[in-house]
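To start, the structure under review is shown below, and the notes come after it.
Every read-out reported here was derived from the displayed coordinates using simple, explicitly stated rules and does not represent laboratory data. It should be emphasised that the depicted structure is a prediction, and the values quoted were computed from it without experimental measurement. No Cβ is skipped: glycine too gets one built from the backbone with ideal geometry, and neighbour counts run over all protein chains shown.
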Amino acid sequence: MKTNEMKAGKFFLLGLLAFSILFFEFLVLFLDSFLTGKSLKEMNLWRENWYFLIIHWTITIAIWGIGISLIISWLKKKGFIFQIFSFDLKGRTIIMIFISLILVLSLSIFESILFSSKIPQITAEFLNFSKLHGNKAIFLSIYQNIYYFFESLIVVFIVALFHHGGELLSKIKWLPWGGIGLLLTWGLGHFISHPSGAFYMLILSVLIGVIYILSGKNFYPTFLFLLFSFII
């Protein structure tokens, strides 16, 4: 029992470590503040010169990329990667990818009705970039979606690590431990970074954990569910 508790604790710590990688973006904001000459309260990166957005995303993506690469490398070295993920592309996986897409579409339509927002998000954000930064919009849109790719990758690992820790600790496999762990970290974190959409992110956090379980811990439906959520 103590061995399982120690193993569970290790995976919970790894989940927190993965979340801390995302937290580094807040530190990048201080650099943004220095470069723009504005306080964090005054600064709105979307409305600053376009290259400030590129600088912010470049540094953030680099930190996230290095951080998640180190975690993946460690998991592979210890032989844990195939304990927390399945990577097959059989029939069940394809079905779960399709279900993920349908679920995200449904959530996006509901959100657009509730908040009068435009969908798909990728188009709405491109149009906003066009309005603010003209012909730099396509460049900014590509860069932003690379940013979403890395955020999705890290979040999926947070879910998998927390879930594996929960399973080891309790032996209860049907409970979305990963979704609960994500809600308490990444989900609640949006009350600081993006308060207006924070409640939606709490729901999304749990749903990612549910998709992870229903897909048999498969990486692809879980990752694509979140990536679709950012794009659609």
Which ³J(HN,Hα) values in Hz, rounded to whole numbers, follow from the phi angles of region 164-169 under the Karplus curve 6.51 cos²θ - 1.76 cosθ + 1.60, where θ = phi - 60° and Gly and Pro get x?
5, x, x, 5, 5, 6
Neighbour-count ranking [beta-carbon atoms within 10 angstrom, fewest first] of 219, 11
219, 11
Long-range alpha-carbon pairs in region 165-232, meaning those over 20 Å apart, account in percent for 29 percent
Could you work out the helix-only [θ] at 222 nm for the chain, with each DSSP H run of four or more residues adding -39,500 (n - 2.57) and the total divided by the number of residues, to the nearest 500 deg cm²/dmol?
-26500 deg cm²/dmol
If you line up the long axis of helix 50-78 against the longest principal axis of the chain, both from Cα atoms, how many degrees apart are they, to the nearest 10?
10 degrees
Helix axis angle, 91-115 relative to the chain longest principal axis, alpha carbon, degrees:
40 degrees
Would you mind checking which residues have amide H under 5 Å from residue 86's amide H? H placed 1.01 Å from N; only 5 or more apart, or other chain.
218, 219
Quick one: what are the phi-derived ³J(HN,Hα) couplings along region 178-187, Karplus 6.51/-1.76/1.60 with θ = phi - 60°, whole Hz, x for glycine and proline?
x, x, 5, x, 5, 4, 6, 10, 4, x
Across 90/173; 10/118; 7/90, pairs whose alpha-carbon gap is larger than 32 Å
10/118
Let me check against my output: what whole-number percent is the relative contact order of the chain, with C-alpha pairs under 8 Å and at least 6 apart?
30 percent
For q values of 0.14, 0.18 Å⁻¹, compute log₁₀ I(q)/I(0) with the Debye formula on a Cα-only model of the chain, without solvent.
-0.95, -1.44
Pairwise Cα inverse-distance average, inverted: Kirkwood Rh of region 1-66 (Å)
13.9 Å
Take every Cα-Cα distance within region 112-219, group them into 5 Å bins from 0 onward, and report for each bin the whole-number percent of pairs it holds.
2, 12, 16, 18, 18, 14, 10, 6, 3, 1, 0
